[in-house]
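Derivation of every value follows stated rules applied to the coordinates shown; laboratory data play no part. Bear in mind the structure is a predicted one, so any value in this text is a computation, not a measurement. Cβ atoms come from the backbone with ideal geometry, glycine included; neighbour counts cover every protein chain shown.
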Amino acid sequence: MNPDFFKQLLDKQQRKEIVPGNEVIASWALSLIGMLYPELSISSYSSTGQIEDEFKNLENELIQILEATRACRNCNNEEIANSFFRVVPDIYKILNTDIYSLLSGDPAARTEFEVIRAYPGFFALCFYRIAHELLLLNVPLLPRILTEYAHSKTGIDIHPGAVIGDHFFIDHGTGIVIGETAQIGNHVKLYQGVTLGAMSIDKSMGFKKRHPTVEDHVIIYSGATILGGETIIGHHSIVGGNVWLTKSIPPGTLVYHSPEITVVEGKIVNS
C-alpha cells in the first residue's frame, strides 16, 4: 500500500476526539434509568441511604465520563453533574406522565411493568429525556451518543435538541424521526414511521428552526411526513397515515390521504 495512506490514518489517530466508549456512556444511563425504574434493574435496595449512595456514585461516574471527554476538559464538570442530578426528579416526573399516556392510550398495554419493561417508545424516551437535560447544560457529544444508542436499539430517532412536552405517546415507534429543532406539545401521540423533519436546506441554516411545531393533543398516524421549521400543526388536530405536509394547519383540523384502491374479486384461480 501507499505509505501516504498510512500517514493519513496516523494523522487521524492523532486528531481523533477523545470520548469514552458508547457502551460506557450508555451503561451509565441504563444504571440511572434502573434506579428510577427497578423493573429495568437486577439491583435491589433496602434503605433510602443505599439509594442516595448509589445516586452519588452515578454522579461521580458522570463526572468521570465528562473528565475523560476532551471536549469537556475546560468545563466545570462537577457543577454540570450536580446540576443534572438536581433535575433528575423532574425527569422522573415527566417520564411517569409518558408511562401513563402509554398505559391509558394503548389497549394492548396491561400494566406499568409491561410498559416500562417492554415498550420501545418508553425506552427511547428515557434516553431522550436524559440526553435533553445534558444538552441544556451544554454538554457536548454525550447527548447525541445517548439518543443514537436508543435509536440503534429501538429504531426511534429523537434528536436530543427536540423539545417534547409531557404525556408523550409513541405507539410501536419503529421508523419515527424527530429532528433537532422540532417542538412537540403535551398529550401528543405519534405512530410508527412518522417523520418530523426539515426541508432540504443549506448547511449555514443549521442553527435556525428547521423542523415542525406540533401543538397539544395532536395525533399523527403511521407514515406521515411533516417538514419545515415554519410548519405548525394546530392543537387537537389529527394527521392521517401517509400524509405529506409542508404547510401549517389550524387547530382542530383533520388531514388525511385518499389513495385510490381497486379490489377485483374472483380473479385469482388456485392451480
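Using a Förster radius of 22 Å, what is the FRET efficiency between residue 70 and residue 7 based on their Cβ-Cβ separation? Nearest 0.05, please.
Plugging the Cβ-Cβ distance into 1/(1 + (r/R0)^6) gives 0.45.
Counting helices only, and only those DSSP H runs with n ≥ 4, report the 222 nm mean residue ellipticity of the chain as the sum of -39,500 (n - 2.57) divided by its residues, in deg cm²/dmol to the nearest 500.
-13500 deg cm²/dmol
In nm, to one decimal, how far is the modelled label at residue 174 from the one at residue 24, with both set 7 Å along Cα→Cβ?
My value for the distance between the label points is 3.4 nm.
Which one, 111, 181, 213, has the greatest fluctuation when you compute a Gaussian network model over the chain with C-alpha springs under 10 angstrom?
In the Gaussian network model the winner is 111.
If I model a spin label at residue 51 and residue 111 as a point 7 Å from the Cα along the Cα→Cβ vector, what separation in nanometres do I get?
Result: 2.0 nm between the two label points.
Computed FRET efficiency, Cβ-Cβ of residue 44 and residue 141, R0 30 Å: what is it to the nearest 0.05?
Approximately 0.35, to the nearest 0.05.
Working out 0.36 nm times the residue gap between residue 209 and residue 79, then minus their Cα-Cα distance, what length gain in nm do you get to one decimal?
43.9 nm
Can you work out the FRET efficiency for the pair residue 86 and residue 258, with r the C-beta to C-beta distance and R0 = 35 Å, to the nearest 0.05?
E between residue 86 and residue 258, to the nearest 0.05, is 0.10.
Output ³J(HN,Hα) for region 109-123: one whole-Hz value per residue in order, computed from phi by the Karplus curve 6.51 cos²θ - 1.76 cosθ + 1.60 with θ = phi - 60°, and x for Gly and Pro.
So the Karplus estimates, Gly and Pro as x, are 7, 9, 9, 4, 4, 4, 5, 5, 7, 10, 8, x, x, 5, 4 Hz.
Pairs to check: 93/153; 93/247; 153/189; 189/209; 56/93. Give those whose C-alpha atoms are more than 27 Å from each other in this structure.
93/247
Identify the GluC sites (Glu not before Pro) of region 33-75 meeting these criteria: DSSP loop state and at most 13 other C-beta atoms within 10 Å of the C-beta.
Hits after loop and neighbour filter: nothing returned.
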